[in-house]
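Engineer: Okay, handing you the structure first.
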Amino acid sequence: METAITTKLVDFSFQSIAGKLGKMLEEEAALLAGVEDDVRYIVAEHKSITSFLTAIATRRNLDAELKNWAQELSEVAYDAEDSIDEFNYHLRSTQGFFKHFLRSIKLLKDRRNIATEIKKLKVQVEDIKKRHDRYFHPNEATSSGTVTGLDMTDRYSDPRIIGHFVEETQLVGINQSRDKIIGWVMDENCPELTAISLLGFGGLGKTTLAKTVYDDPIIVEGHFQPRAWIAVSQNYNIKELLKKIIRQISVNEKQIRDVSGCRDARLNTEQCLNMMDESQLVQTVRGHLHGKRYFIVFDDVWSVEAWESLSIALPQGKEGSRVIVTTRIKDVANTSCSRNRRFIFKISPLSPELSWELFCRKVFDAPDYNCPPELENIGREILQKCDGLPLAIVTIGGLLASKPDNNFEEWKDLRDHLRLEIQTNDMLSKINQILGLSYNDLPYYLKPCFLFLGIFPEDYEIGRKRLMRRWIAEGIVHGVDGLPDEKMAERCFSQLVNRSLVQPSEFDDNGTVRSCRVHDMMLDVIISISRKENFALVLNEQSTLTTIQPRHQRIRRLSWQGGSSGLGPNTELSHLRSFTSLGEDVPPLKDYRKHRLLREIDLEGCRAIHHFHRKSFSKLFLLKYLSLRNTWLDTLPDSIGDLQNLEFLDIRGTDIRKLPNSIVKLQKLVYLLAGPFIGFKFPKGIRKLKRLTTFGMARAHNVHSLQEIGELVHLHKLGIAFEDSDLSLRMVEEISALLSKLNGSLRSLKILHLENSSLKKALDEVALPPLLLCEIEINCRLGELPPWFASLKHVVKISLFRTQLQLEDLQVLRNLPALVNLQLGGESFVYNGENLVFDREGFAQLKLLTIARHNVSFEVGAVPSLEILKILGPNKSVNGVEHLHGLKEVHIHTGNENIIEMVKNIAANHSNRPKCFVKLHKSA
């Protein structure tokens, strides 16, 4: 597997450098005079190298030599890319009155520099290639015959086979799932062919669950005529799979001969099968299954294409036939599942209680399976690492069961060095093998995206947007064929979710994943691969000299999570591409002048910001991403203007209230984020930042500032605050004009004014309102909604605070067709003793409703799609919760104990049994 990983990373590295050299050939041909042929050689050699690496990616022998060779190529590609980026910066950095004159002088020097670098790169590639050719011959690549993605090393058989032979005593927590699947299988109300999908990441027990259903007596004892269990796997051969089906469903020899046309009596049945083409094999399967009630399990399906190739062999019929598909891939589950995805069963990790039961059943003796009291705490600590993954629990439990003495020190040693044991202990190797299969199946462009997740600690909630923007900033993700970088990053993230490699933890209003986590065991796989391939270095409290890369390898990505052991004072960090500081007390780098190749600095949540040497910013000419979010920083240095390539700047949650004048030099800035409250004051000239798509919260302090914002014609997201106690007529007119200018681009708008204002007049008089808004937040007094609110056909989320609306405005909101999330904050409606009444009309799509400091009533049939209701006190009355039939969660924060008790009782007797979250506010 390591060889396959390395080859994919080299492919990724060379894709990047080949693209940059190719672009340079087109745009800066004059600079390459004399070395054009060398550049073309490197680009062509890239194609040959990646083609060759693809051919031998699944070889079993000579892994060490091949891995070393590929690693050398990867390092060369990284170094060359750094040289090219640095060269491009120097080429374009000369500005001012003498720009063209100085450029002509620099041209000669820069041409010599880039020519030297390219010749050096060519020599390195040739040297590595020649050295490799002395020890390896291409025809050996397939000498071992066809291998599959499972062939990670000769020592191991298919690790997934353990799912077929699990003792009944170890089937913990599976009964309820098994019974539900059997219920679907045996449902006589579904006479047509029904496909059931079991979905979940590796090691959750999909195969085990399917096998318990397949072997259940009610299935085995004649209800279904033919049965078949077909292991599909990653590198399937459709003809071989069809032959397996034919053998298991016992097609007789005459049928096979009739379809194949084989009349030679000297050939046996197997030989006749081998003569058949795919179409004949499909015909044979369909012919035998026609009119029968059959049951087939397709285990471990990795692609939609595999399912589609197999499904054409399955006759539909009305006999009640069933198919079970186990998969890690969401798209496969969606495609294979019958009846509009009704029969998708998502496998979840075991609860802590069931995890402990399974662990004890594996480690200790029947019939009691009791854990000695002195081992329970250490056992539960070991179990926490498994995070409900049955594969890990059973495997680690098996290792402990093999130690007959149940020695506390041995258990403690395993707890303290579990990650190392998983990497080196043969008994635990199957964990990494099974989890590694998912990684091995990734296309080359997704591998670095997935490895990048390793820079975050265990149980860390990783924001989707933060992750995607960092991929883009470092060049891990590029747009292709006209597709923007952002859209490509979204696709990559969605693929990781669909492949069950990351676990969604929070969702946006439209159902998009907002944040995710990586399972601890999968994180171990990532860190192991990342360390071997020198992708990233993680420093934490457990880091030692033995857990970081060898000294001869250059550190290009550093994630500092606390502790400094393992990183010596003379550690070479001049090749750093990204630096991530995680943890409040983790200091940033001391002097950025020594790290001028940095593309990313992420200091989110870092409280040790007093170490932050801001003046050294001026040397970070490649920096694209800078996050200072949730730090205690109160000013930005003027040197921020020297970051000519900066695209993303996040100062949310800081004390920065004013941007330096130099900010207007950042011509490539796309995201400028601050807030969430009053925001920042910005300098004259902000209109120059033409690439801005996200801007706010910004304080508009005069007419000119509004006019400048109006020239940012690509803004998708705008947050704007006003600080004057009241707005002048000119300001009101300019606000209306601003929203009209941006009406075609704005998708998100946030307006804040804490004083009494004339904002209602400004909003009412917008000539061309931003009707494409998907999200809007208003925090100021309006009295009633602007007339164009009723035309917001695309709005998904509305948040209103202190707007003091009339009850009639609720009727406007209820008719918005796409509204999913409605937040009605304090004083959003005028309180006159009446309840906010939600009747059976409107709010067809609303799923999340938050109401603060208002009495509320829900009539029969109201808000039919509502899933989450949040009531924030103080409130005097909350009525009709029992009428919300789709409710899944109720959150009550109030000082009224009667309301709390009433809602809890309603929730307990509700037909949907929603979860109830209660917080009582005690009065002073």
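Engineer: Would you list the P(r) distribution for segment 763-896, with all Cα-Cα distances sorted into 10 Å bins from 0 and each bin expressed as a whole %?
Structural biologist: In whole percents, the pair-distance histogram is 12, 46, 34, 7, 0.
Engineer: How big is segment 647-725 along each principal axis, measuring the range of its Cα positions in Å and listing the largest first?
Structural biologist: That works out to 32, 27, 23 Å along the principal axes.
Engineer: Further question: Would you mind getting the accessible area per residue of segment 856-924, heavy atoms of the protein chains only, 1.4 Å probe, in Å²?
Structural biologist: Working: 3780 Å² over 69 residues.
Here the per-residue accessible area is 55 Å².
Engineer: Equivalent ellipsoid semi-axes for segment 229-360, as square roots of 5 times the alpha carbon gyration tensor eigenvalues: give them largest first, rounded to whole Å.
Structural biologist: Values: eigenvalues 229, 54, 39 Å².
In descending order, the three semi-axes are 34, 16, 14 Å.
Engineer: Here's something else I'd like to know. Roughly speaking, what % of Cα-Cα pairs in segment 299-392 are separated by over 17 Å, rounded to a whole number?
Structural biologist: Numbers: 2765 of 4371 pairs.
When all Cα pairs of segment 299-392 are counted, 63 percent exceed 17 Å.
Engineer: For segment 193-263, with the dipole built from +1 on Lys and Arg beta-carbon atoms and -1 on Asp and Glu ones, taken about the Cα centre, which of 213, 193, 230 lies farthest toward the positive end?
Structural biologist: Of the options given, the answer is 230.
Engineer: Could I ask something else about it? Which value, in Å², gives the accessible area per residue of segment 595-661 when a 1.4 Å probe is used on the protein heavy atoms?
Structural biologist: Numbers: 2520 Å² over 67 residues.
I get 38 Å² per residue for this part.
Engineer: Give, rounded to the nearest 20 debye, the magnitude of the charge dipole that segment 785-855 has about its Cα centre when Lys and Arg contribute +1 at Cβ and Asp and Glu contribute -1 at Cβ. Please list the in-between numbers first.
Structural biologist: On the way: 7 positive and 6 negative charges, 65 e Å.
Here the size comes out at about 300 debye.
Engineer: Using the Cα gyration tensor of segment 882-924, with a ≥ b ≥ c the square roots of its eigenvalues, what is the shape: rounded (a/c below 1.5), prolate (a/b larger than b/c) or oblate (neither)?
Structural biologist: On the way: a/c = 3.13, a/b = 2.29, b/c = 1.37.
In terms of gyration-tensor shape, prolate.
Engineer: Also: Not counting ligands, DNA or RNA, and with a 1.4 Å probe, what is residue 633's accessible surface area in Å² rounded to the nearest 10?
Structural biologist: Surface accessible to solvent at residue 633 totals approximately 10 Å².
Engineer: Now for a different question. For residue 267, put the label point 7 Å out on the Cα→Cβ axis and report which residues of segment 224-250 keep their amide N under 16 Å from it.
Structural biologist: 243
Engineer: Show 307, 471 ordered by accessible area, largest first, where the area counts protein heavy atoms only and the probe is 1.4 Å. Please list the in-between numbers first.
Structural biologist: Details: 307 25, 471 0 Å².
My answer, sorted largest first, is 307, 471.
Engineer: Using amide H atoms built 1.01 Å from N in the peptide plane, name the residues 5+ places from residue 699, or on other chains, whose amide H lies under 5 Å from its own.
Structural biologist: Close amide H contacts, sequence-distant or interchain: 680, 681, 682, 721.
Engineer: Ignoring ligands, DNA and RNA, what percent of the 1.4 Å accessible area of segment 215-359 is carbon and sulfur?
Structural biologist: On the way: 3170 of 6790 Å².
Answer for segment 215-359 is 47 percent, counting heavy atoms of protein chains only.
Engineer: Accessible area per residue, 1.4 Å probe, Å², for segment 753-838: what's the number?
Structural biologist: Details: 3520 Å² over 86 residues.
I get 41 Å² per residue for this part.
Engineer: In addition: Taking Rh as the Kirkwood radius, which is the inverse of the mean 1/r over Cα pairs, what is the Rg/Rh value for segment 685-738? Provide the component values of the computation, followed by the final result.
Structural biologist: On the way: Rg = 10.8 Å, Rh = 11.4 Å.
Answer for segment 685-738: 0.95.
Engineer: Once you have a ≥ b ≥ c as the square roots of the Cα gyration tensor eigenvalues for segment 325-378, tell me rounded if a/c is under 1.5, and otherwise prolate or oblate according to whether a/b is larger than b/c.
Structural biologist: prolate
Engineer: Of 619/690; 684/717; 385/532; 688/741, which pairs sit farther than 18 Å apart, going by alpha carbon to alpha carbon?
Structural biologist: On the way: 619/690 24 Å; 684/717 20 Å; 385/532 22 Å; 688/741 16 Å.
Beyond 18 Å: 619/690; 684/717; 385/532.
The values are calculated or read from the model by the stated rules, or taken from the named source; none is laboratory data. Computed from a predicted structure; not experimentally measured. Backbone-built Cβ (ideal geometry, glycine too); neighbour counts: all protein chains shown. Heavy atoms of the whole protein, side chains included, go into the accessibility calculation; ligands, DNA and RNA do not. Shrake-Rupley method; radii C 1.70, N 1.55, O 1.52, S 1.80 Å.
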